[in-house]
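J.: Supplied in structure tokens, the structure appears directly below.
The values are calculated or read from the model by the stated rules, or taken from the named source; none is laboratory data. Treat the numbers as computed from the prediction; the structure is a model and nothing was measured. Backbone-built Cβ (ideal geometry, glycine too); neighbour counts: all protein chains shown. For accessibility, only protein heavy atoms count, side chains too; no ligands or nucleic acids. Shrake-Rupley method; radii C 1.70, N 1.55, O 1.52, S 1.80 Å.
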Amino acid sequence: PAFSEAVFVELMRARQYRRAYALLSPECQQSWGSLQAFIDAQRIGALVQLCGVRVNEVRQLDNWRDPDSGMIHEHAAELDVQYEMGDGTRSVSVARTVHLVAFGGGWRSLCYPTATASG
């Protein structure tokens, strides 16, 4: 799972959004509606750049419920990570706990659209 998260982050850093999208879980892909919606959102959010990731700990989980989709995954991984974020002039380290789910013999990332207010 740590390698899978690092690959996803590197693809996002390289703005290889099509390849990154292919590493998302099926429910995440569906939540975006289309590959183009994912690409457009990532381009808009590229002002603060993802500079790297360090995985500090990995825990294997059984029967984990994804709070965003409500799906229960029989196999998941919970990772404690440090993301390095920056804008070209300064950087900051951001600690997060992220989850990857088993699918198709590998690990898939979870990256859902950010909720926006409708007016």
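J.: Residue farthest toward the positive end of the dipole of the chain, with Cβ of Lys/Arg at +1 and Asp/Glu at -1: which of 71, 106, 85?
T.: Looking along the dipole axis, the top candidate is 85.
J.: Also: Once neighbouring chains are kept in place and the probe is 1.4 Å, which whole percent of the accessible area of the chain is contributed by carbon and sulfur?
T.: C and S fraction of accessible area: 51 percent.
J.: Moving to a separate point now. Could you grab the relative contact order for segment 1-56? Cα pairs under 8 Å, six or more apart, rounded to a whole percent.
T.: Once normalised by length, the contact order is 46 percent.
J.: A follow-up question, please. Can you tell me the accessible area per residue over the chain, all protein chains present, probe 1.4 angstrom, in square angstrom?
T.: Accessible surface, normalised per residue, equals 62 Å².
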